[in-house]
Amino acid sequence: MKTIFILITLLTIAINTQAKRPNILFIFTDDHGYQAISSYGSNRNKTPNIDRIASEGMRFDNCFVTNAICGPSRAVILTGKYSHLNGFMTNGNRFDGSQQTFPKLMRQKGYQTAVFGKWHLKSDPTGFDDWKVLLGQGPYYNPPMKSEEGTKKIEGYTTDIITDLTLEWLKGGREKDKPFMLMCQHKAPHRNWQPGPDHLNMYDDIEMPYPETFWDDYKGRSEAAATQTMTIANHLSANDLKLNQPKNFTTAQLEAWNAAYTPKNKAFQEAKLEGKERIKWQYQRYVKDYLRCVASVDDNIGRLLKYLDDSGLAKDTVVIYSSDQGWYLGEHGWYDKRWMYEESFRTPLVVRWPGVIKEGSVNKDFVSNLDFAQTFLDIAGVSKIPDPMQGHSLVPIFKGKTPEDWRKSFYYHYYEFPGAHSVRRHYGVRKDHYKLIHFYNLNAWELFDLKKDPNELKSVYSQPDYQEVVKDLKVELNELRKKYKVPEDTRPVKRVNRKPKKQEPAKKNK
Ligand code: CA
């Protein structure tokens, strides 16, 4: 009798422990540079709700992406593998949803998984109990959204809608006895930066500061930096600059829009600005619209945090905020991403986990979107990953205990050339405060000493003082390429052959 009682007690403890596995709310944006987050020191905007996650949790100052472009970053996060192994190297690829991903493994372990918002991988989501996603990039207003039931247009502002869907699922869509992995993925603040109705006139009365490198002349680096097509001076369209009326708006949306932009556009046409004055006007228009989109994201994160508080879920839920890569807000005279230069290579990452992460902590280890999958799986208690991933769980770092053998260098590879914005293909390595980049189709190398030149304006690759560093970093680069199984042939491949995987028992989607 006593033995049975003990067994029942142990079983109850086991069930309760199982039930107490934390939920994960992963809030993800598209193209949000750390320079536009106040906890990262923005001098242009305030993001009180993202800051709250940071101040109640941990801010990561060296979170690098493996390939700074939208779709590829998402594929890396799902698979925990570099682009050359997950098969999604450029935005032109289609994600092979039959491969191993973290949501599938979490479902097998009893987690309920859901994704709402931007997906951007061409194929439909797999491994999710529930999903509703934008088609491709998706618009800022009145987005058609696809689910298993088909595609339906939803009226409103996309950032608000994605949050509404996330909240609806939290409140009534999920099975309350299961832990969840919920991904709330915004289109914002991706191009073409259409602000929401609440923020159309935000920042009207101020002039945004210019980054130190705004007037960069691209000397001191290889020809790659000078031959891109992503400058604020020459490569913003009339739609980007809101000189055209938007399409697919409702009458009320268009009225609000016209009230905000028409008088300003008229003043601009009359001013006939030229040269630097025109470039400055374009920067102000661009950066303000971008930051207005960020303001909506931050407001909506506030709604999610409030719900977690009000519902009592906050204490059992890990909240993560990140973006698919960093972004240029006028640094080097640019918008967009793609480069291994800091602004796009580094992405924001803040994580709150009550009782585990020390409040207000800051971490400077080299972490990456390559680590996200294994981190989620570790949190969920998945100890066996059938097809090995290439990152490392961040959970020990969350606990303030960086493993002794944590990575000291990081490999990067961007493939999309020819392509939008004409950024040359390159790979490279970051180690200590050095960064070595190889634009291999130009056979051009760059080396930056980030201590002396944090803005990466002058390559020291050919300087005699740095030849030992060059030698060391080339060895490191080759070792990393071997370690991560990077093919010698650097041309994009369509698909890496792999054994067909046994399908998980699917509940809704296969
Ligand atoms: Ca992106």
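The values are calculated or read from the model by the stated rules, or taken from the named source; none is laboratory data. Small disclaimer: the values here were computed from a predicted structure and weren't measured. No Cβ is skipped: glycine too gets one built from the backbone with ideal geometry, and neighbour counts run over all protein chains shown.
State the number of residues belonging to the range 31-72 that are of a type in the set (A, V, I, L, M, F, W, C), assigned to a loop (DSSP other than H, G, I, E, B) and either away from the ligand (no atom under 14 Å from the Cβ) or over 21 Å from F410 (Cα atoms) (or both). Explain how you work it out, then say what you get.
Filtering the range 31-72 down to residues of a type in the set (A, V, I, L, M, F, W, C) leaves 36-37, 50, 53-54, 58, 60, 63-65, 68-70.
Adding the requirement that they be assigned to a loop (DSSP other than H, G, I, E, B) leaves 37, 65, 68-69.
If we keep only those that are either away from the ligand (no atom under 14 Å from the Cβ) or over 21 Å from F410 (Cα atoms) (or both) too, we end up with 37.
Counting residues in the range 31-72 that are of a type in the set (A, V, I, L, M, F, W, C), assigned to a loop (DSSP other than H, G, I, E, B) and either away from the ligand (no atom under 14 Å from the Cβ) or over 21 Å from F410 (Cα atoms) (or both) gives 1.
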The range 295-328: number of residues that are assigned to a helix (DSSP H, G or I) and away from the ligand (no atom under 16 Å from the Cβ) | 19
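Out of all the residues in the range 483-490, is one or more within 15 Å of R221 (Cβ to Cβ), outside any loop (DSSP other than H, G, I, E, B) and under 26 Å from the mean Cα position of the chain (by Cα)?
The initial filter retains those residues of the range 483-490 that are within 15 Å of R221 (Cβ to Cβ), namely none.
No; the residues of the range 483-490 include none that is within 15 Å of R221 (Cβ to Cβ), outside any loop (DSSP other than H, G, I, E, B) and under 26 Å from the mean Cα position of the chain (by Cα).
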Restricting attention to the range 390-428, which residues are in contact with a helix residue (DSSP H, G or I) (Cβ under 6 Å, 6 or more places away or on another chain), of a type in the set (A, V, I, L, M, F, W, C) and either surrounded by 22 or more Cβ atoms within 10 Å (Cβ to Cβ) or free of Cβ contacts under 8 Å to residues at least 12 places away in the same chain (or both)?
-> L394
Quick check: is even one residue across the range 203-224 under 27 Å from E342 (Cα atoms), assigned to a helix (DSSP H, G or I) and in contact (Cβ under 8 Å) with a residue 24 or more places away in the chain?
-> yes
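When you check K384 against the structure, is it in contact (Cβ under 8 Å) with a residue 24 or more places away in the chain and among the charged types (D, E, K, R), yes or no?
On the way: in contact (Cβ under 8 Å) with a residue 24 or more places away in the chain: no; among the charged types (D, E, K, R): yes.
In short, no.
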Have a look at K280, K247, K288, K276 and point out the one that is farther than 22 Å from D61 by Cα, modelled with pLDDT under 95 and out of contact with any helix residue (DSSP H, G or I) (no Cβ under 9 Å at 6 or more places or on another chain).
-> K247
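Check whether at least one residue in the range 345-362 is within 20 Å of K458 (Cα to Cα) and within 16 Å of the ligand (Cβ to nearest atom), and report yes or no.
Just the residues of the range 345-362 that are within 20 Å of K458 (Cα to Cα), to begin with: 345-346.
Still in the running and within 16 Å of the ligand (Cβ to nearest atom): 345-346.
Yes, the range 345-362 has at least one match.
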Check off (1) crowded, with 20+ Cβ neighbours inside 10 Å; (2) touching a Lys or Arg at 6+ places or on another chain (Cβ under 9 Å) for K152 and give me the number that stays unchecked.
-> (1)
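Can you pull out every residue in the range 40-75 that is basic (K, R) and under 21 Å from L291 (Cα atoms)?
Taking the range 40-75 first, the residues basic (K, R) are 44, 46, 52, 59, 74.
Correct list: R44, K46, R52, R59.
If you go through the range 241-257 one residue at a time, do you hit one that is part of a loop (DSSP other than H, G, I, E, B), in contact with a Lys or Arg (Cβ under 8 Å, 6 or more places away or on another chain), touching a residue at least 12 places away in the same chain (Cβ under 8 Å) and surrounded by 12 or more Cβ atoms within 10 Å (Cβ to Cβ)?
yes
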Scan the range 81-96 and give yes if some residue there is over 30 Å from H421 (Cβ atoms), touching a residue at least 12 places away in the same chain (Cβ under 8 Å) and out of contact with any helix residue (DSSP H, G or I) (no Cβ under 7 Å at 6 or more places or on another chain), otherwise no.
-> no
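Considering K132, K109, K122, which residue is more than 16 Å from the ligand (Cβ to nearest atom) and surrounded by fewer than 24 Cβ atoms within 10 Å (Cβ to Cβ)? Even if it seems obvious, please write down each step before you answer.
Values: K132 fails: surrounded by fewer than 24 Cβ atoms within 10 Å (Cβ to Cβ); K122 fails: more than 16 Å from the ligand (Cβ to nearest atom).
Residue meeting the stated conditions: K109.
Please tell me if F26 is touching a residue at least 24 places away in the same chain (Cβ under 8 Å), closer than 30 Å to H199 by Cβ, within 16 Å of the ligand (Cβ to nearest atom) and among the aromatic types (F, W, Y).
Values: touching a residue at least 24 places away in the same chain (Cβ under 8 Å): yes; closer than 30 Å to H199 by Cβ: yes; within 16 Å of the ligand (Cβ to nearest atom): yes; among the aromatic types (F, W, Y): yes.
Criteria met by F26.
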